[in-house]
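Values quoted throughout were computed directly from the atomic coordinates according to the rules given, and no laboratory measurement underlies them. The structure displayed is predicted, hence computed values, not measured ones. When we count neighbours, we look across all protein chains shown, and the Cβ atoms used for this are built from the backbone with ideal geometry, even at glycine.
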Amino acid sequence: MASLAQFVRRAVNGVVSTTGRFGASGRGSIPTASLYFSDAMSGLIGDRAGRPIRRVSPTVFACGDAAVVIRYVGARELAFLRRGGFKKIYLLIDDDLHALHDGDGLPADWRARLIAYRDGALRKLLELVTHVVAPSEPILQSYRRHHSLRLDPVQCHAAASLDHHGNAGRLDIVFAATRSHIEDLEFCAPAIAGFLARRPDAHLTTFLNGHAPAALRNLPNVTHLSPMSWEKYRAYVAGHRFHVAIAPALDTAFNRSRSLSRLHDHAAYGAAGLFSAQAPFAGAIADGASGRLLPNDPEAWQAALFDLAGNRDAARRLAAGGQHLSAAIGDRDRVRNFWRHQFGLT
């Protein structure tokens, strides 16, 4: 997960390949590549016979007369795209880079890197791009001069068993987000801390390390893990289960244009999901069936945690509903068929 911020920094500096050598087949990846392309197309990517898609770099793939860019390019990738003679170049982007401003809820350094990329390499890339693919209409509206295509992310984690919900012991809660969501957590952090103080049998895990909100630091039943690379995070998801997962989000244009990937994380952990009642969650989550939709009121978040702590059967039912929704939205065949159609593959 931390690799995303590191990757942005490298992209801004014009260095994208994880091997440091353009065209090498490094194994590094970013979440967006897995969620929208490489997982669904894995059997078609590589140098073996019958695999028509070539991985040019961790964020650039080529198939015949088409190329796909996953969010970021550097100078070498741009040079490759210019000389490649491609009839179609797709940009897959899952953040609204035109909704960046002081009130967007992002950490200042995170925002600055995204703006630097948007106003630098991305402008050059858009001179070559023919199609833009994104998970939300607000993002696509910023690229009206290009062909626009909407695509939801796949469920790229294995489905979790829900057997852990039968354990009446510790209630495990997870905040499965990067540092870009710290301000989203801030508004309800004191209320969550109050819940944890009154329920020492509950435990919260984040991936924020030393960046966690002050209210959630130095508590005996909170663990702040260090951010992980995407590969390590996927291994962590495969080996850990939680009862409840929280996804608070400030009501900003940037947040409303995000994807439903958090739903997939929660389902993979086997957790009952708590979400802010706004896009993208409000358009997909059935409140009380596949998750809970909550107002951005700290007391509502605290009350929801107390409810689930006192009713483990309800938490299990919500987790099961979330898994069912995740499987439907995150179907890999849907994404695979989307790209096969774009590439003209039979």
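Going by average Cβ density within 10 Å per residue, which order do the peptides 100-110, 192-202, 45-55 take, highest to lowest?
Details: 100-110: 15.3, 192-202: 17.1, 45-55: 13.5.
Those peptides, ordered most packed to least, come out 192-202, 100-110, 45-55.
For the chain, what relative contact order do you get, as a whole percent, if you take Cα pairs closer than 8 Å and at least 6 residues apart?
Normalised by residue count, the contact order of the chain is 18 percent.
Once you put a point 7 Å from the Cα of Glu137 and another 7 Å from the Cα of Arg123, both along the Cβ direction, what distance in nm separates them?
3.0 nm
With a cap of 16 neighbouring Cβ atoms within 10 Å, and only residues DSSP puts in a loop, list the trypsin sites (Lys or Arg not before Pro) found in segment 71-120.
Taking segment 71-120 and a limit of 16 other Cβ atoms within 10 Å, the loop trypsin sites (Lys or Arg not before Pro) found are Lys87.
Quick check: residue separation of Ile115 and His211 times 0.36 nm, minus the Cα distance between them. What number comes out in nm?
Here the segment from Ile115 to His211 would lengthen by 32.4 nm.
In straight Cα distance, which aspartates and glutamates are under 17 Å from Lys232, not counting same-chain residues fewer than 8 positions off?
Asp39, Asp265
Would you list, by chain and number, the lysines whose Cα falls below 23 Å from the Cα of Lys124, excluding same-chain residues fewer than 8 positions away?
Lys87, Lys88
Using every alpha carbon pair in segment 244-346, what percent of pairs falls into each 10 Å bin from 0 up to the bin containing the largest distance?
16, 43, 27, 10, 4, 0
Give me the one-decimal nm value for the distance between modelled label points at Arg312 and Ala235, 7 Å along each residue's Cα-to-Cβ direction.
Modelled inter-label distance: 3.1 nm.
For segment 163-329, rounded, prolate or oblate, judged on the Cα gyration tensor with a ≥ b ≥ c (square roots of eigenvalues), a/c < 1.5 rounded, else prolate if a/b > b/c? List each step's numbers first, then the result.
On the way: a/c = 1.15, a/b = 1.05, b/c = 1.09.
Since a/c stays below 1.5, the shape of segment 163-329 is classed as rounded.
In vacuum, with every alpha carbon of segment 209-250 counted as one equal point scatterer, what does the Debye formula give for log10 I(q)/I(0) at q = 0.24 Å⁻¹? Two decimals, please.
-1.14
Mind ordering 178-184, 259-265 by average Cβ neighbours within 10 Å, highest first?
Sorting 178-184, 259-265 by mean packing, highest first, produces 259-265, 178-184.
So for the pair Arg332, Asp102, with labels modelled 7 Å out along Cα→Cβ, what separation do we get in nm?
Placing both labels 7 Å along Cα→Cβ, they lie 4.7 nm apart.
Rounded, prolate or oblate: which one fits the chain, using the alpha carbon gyration tensor with axes a ≥ b ≥ c (rounded when a/c is under 1.5, else prolate when a/b beats b/c, else oblate)? Present the calculation step by step, with values, prior to reporting the outcome.
Working: a/c = 1.97, a/b = 1.68, b/c = 1.17.
Here the chain falls in the prolate category.
Work out, step by step, the length gained on full extension between Arg51 and Ala253: first 0.36 nm times the residue separation, then minus their alpha carbon distance; give nm to one decimal.
Net length gain for the segment: 68.8 nm.
So what is the calculated 222 nm ellipticity per residue for the chain, using -39500 (n - 2.57) for each DSSP H run with n of 4 or more, over all residues, to the nearest 500 deg cm²/dmol?
Computed ellipticity for the chain at 222 nm equals -10000 deg cm²/dmol.
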